[in-house]
Amino acid sequence: MLFEQIATGGCQSYLIGCAETRVAAVIDPEQRQIDCYRGLAAREGVRIRYVIETHTHADHFSGAGQLAAETGATIVAHRLSPAPHTKLRLEDGELLYVGGLALRALHTPGHTRDSICLVADDRVFTGDTLLIGGTGRTDLPTGDPEALYDSLFAKLLKLDPALIVYPAHDYKGRSSSTLATEIADNPRLQKKERTEFVAMMRELNLAAPTHLTEALRTNMSGGKTIAQLLAEAAATVPFLGMDDLARRVEAGVLDLILLDVRERDAFDAGHIPGATHLPRGQLELRVNEMLPDPTARVLTCCEYGRISTLAAATLRMLGFQRAVALDGGVKAWREAGLPLVRTD
């Protein structure tokens, strides 16, 4: 078996494959590690055939959609997964062959209703059903402590105790455990009675994950994150430095259209001299009125430099091929002590 464990903060993902057939799968890919998975596959001389999600993630952004799009891999998850890009949906007990390597899916709801564990030879990938020294939480959407109890004590913990446990998360630098070790030492598994276990899970009172809303939105819908949108926009536009713009303002010759895309109140409170106001929300509807010459050089600016990047990318899609974004924003301009103009 080919095997690589990739840690991203507390998130754990895995590249597994068949050495004989040179076929591989990535389990629980993290969005920031796409190049890493592809690099590992290239190094090992394998093709990524499957991208497998053990559950719907609420604390990070899944890389499944992007990795599948870039490699042609098939996205695999449980039948109940809400993700629309899932192409192969597994049921409890079904086998998925990665070349000559068999993965047996166990439906283990509790952390989420679509949670699965994957048994492969001498190991089990437990997702967030079982962690090292803990279990997945049950207080997020579709979580159920009763179901988690059954998944653990009636299914997962009845497997061979020698199986190596590889979870989807670990925040203490540990890479693996065994079922035997977890049965003996995991504090949550010492609550062997259903009522005690369920009460413990309901009383954990854990803080919500930092990116809960956005992670669920993107992972359940296949949509893009804000960071993805900004990165894609930044890849399509050049930037003009603040020092360059400051010299133009000081000389009184901009030689371009400086387009401030903030809202009216922010523009009136202080804008860069010579700026024209066109809020980002009105850009597409008023572009012909405000910017009649598509050959003009347009420099977009906003408060922090993010919305202006999106605006410049939009202008380029609309045909303004000389559109650029200010490297920085009005906030940085203000903090640098550069001149601003108020609208009375």
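The values are calculated or read from the model by the stated rules, or taken from the named source; none is laboratory data. None of these values were measured; they are calculated from a predicted model. With ideal geometry, Cβ positions are generated from the backbone for all residues, glycine too; neighbour counts draw on all protein chains shown. SASA here: full protein model, heavy atoms, side chains in, ligands and nucleic acids out. Shrake-Rupley method; radii C 1.70, N 1.55, O 1.52, S 1.80 Å.
Points to keep in mind about this one:
- Residue list for the range 27-81, restricted to those being acidic (Asp, Glu) and surrounded by fewer than 24 Cβ atoms within 10 Å (Cβ to Cβ): Asp35, Glu44, Asp59, Glu70
- Test: residue in the range 237-247 that is small (Gly, Ala, Ser), without any contact (Cβ under 8 Å) to a residue 40 or more places away in the chain and either surrounded by 15 or more Cβ atoms within 10 Å (Cβ to Cβ) or out of contact with any Leu (no Cβ under 9 Å at 6 or more places or on another chain) (or both): no
- Among the residues of this structure, Thr138 does not count as one that is out of contact with any Lys or Arg (no Cβ under 9 Å at 6 or more places or on another chain), β-branched (Val, Ile, Thr) and touching a residue at least 12 places away in the same chain (Cβ under 8 Å).
- Residues being modelled with pLDDT of 95 or more and either of a type in the set (Phe, Trp, Tyr) or within 17 Å of Thr138 (Cα to Cα) (or both) - total across the range 169-185: 0
- Top-ranked residue in the range 11-26 [being among the small types (Gly, Ala, Ser) and open to solvent by less than 10 Å² (accessible area, probe 1.4 Å); ranked as farthest from the chain's Cα centre (by Cα)]: Gly17
- Some residue of the range 219-230 being open to solvent by less than 50 Å² (accessible area, probe 1.4 Å), farther than 21 Å from Gly110 by Cβ, hydrophobic (A, V, I, L, M, F, W, C) and in a helix (DSSP H, G or I): yes
- Residue count for the range 187-206, restricted to those that are farther than 23 Å from Pro141 by Cα and under 32 Å from the mean Cα position of the chain (by Cα): 1
- Unmet requirement for Ile132, which otherwise passes all of (1) under 17 Å from Met200 (Cα atoms); (2) hydrophobic (A, V, I, L, M, F, W, C); (3) free of Cβ contacts under 8 Å to residues at least 60 places away in the same chain: (1)
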